[in-house]
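Data first, discussion second: the structure below is written as structure tokens.
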Amino acid sequence: MIIPGFSNFDLALVRVTLKERFGFDVDVQEAETEVRLSPGDRELAKCPAVFWQVEKCSFVVAKTGPAGYRAMFFYSIKDRFGTSKEEYDNLGDCLITLLKVQEKEHARRQQESGIR
């Protein structure tokens, strides 16, 4: 299956959502990633993705179908996080949930380290 890339509208939505969350323009890169589309799949599918970094956190949103999205953020290869939902059918919902989960994790990390 060939998965269509992110449209100009999709990329604009990503940029505007990130600017709203972080308060500045974030450099968003288009990429390609390999994803197991179903748990039983043996093969990985090549999927278009968008990638960005803010401070020491990296974010990836992979497009898994014409209207399918998966997201994660990570601080290191061993320190990865996703959302409570495996896949979204709406890019906006995927982005907002990802950013809310990361915001909570960021706050938790700051509290643990005593930073205010």
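Just so you know, all these numbers are worked out from the coordinates, no wet-lab data involved. For clarity, every value in this text was computed on a predicted model and none was experimentally measured. Note that we place each Cβ from the backbone using ideal geometry, even for glycine, and neighbour counts take in every protein chain shown.
Just a few scattered comments:
- Region 8-113: proportion of alpha-carbon pairs further apart than 25 angstrom, %: 18
- Residue order, fewest to most surrounding Cβ atoms within 10 angstrom, among Ser38, Ser58: Ser38, Ser58
- Relative contact order [Cα under 8 Å, 6+ residues apart], region 8-113, whole percent: 17
- For the chain, the residue among Asn90, Phe6, His106 whose Cα projects farthest onto the positive side of the dipole built from Cβ charges is His106.
- Backbone geometry of region 5-12 corresponds, through the Karplus equation with coefficients 6.51, -1.76 and 1.60 at θ = phi - 60°, to 3J(HN,Hα) couplings of x, 6, 6, 4, 4, 4, 5, 5 Hz, x marking Gly and Pro.
- Think of each Lys and Arg Cβ as +1 and each Asp and Glu Cβ as -1; about the Cα centre, that makes the dipole of region 8-113 roughly 280 debye.
- Residues in region 36-41 carry Karplus couplings, in order, of 7, 5, 10, x, x, 5 Hz; the curve used is 6.51 cos²θ - 1.76 cosθ + 1.60 with θ = phi - 60°, and Gly or Pro positions show x.
- In the chain, excluding the sites themselves, the longest stretch lacking any of the GluC sites (Glu not before Pro) that are in a DSSP loop with at most 13 other Cβ atoms within 10 Å is 1-42.
- With Cα atoms, 0 to 90° folded angle of helix 91-113 axis to the chain main axis: 30
- Per residue of the chain, the DSSP helices (runs of n ≥ 4 H) give a summed -39500 (n - 2.57) that works out to -11000 deg cm²/dmol at 222 nm.
- Top of Gly65, Gly82, Gly23 by mean-square fluctuation, Gaussian network on the chain, Cα under 10 Å: Gly23
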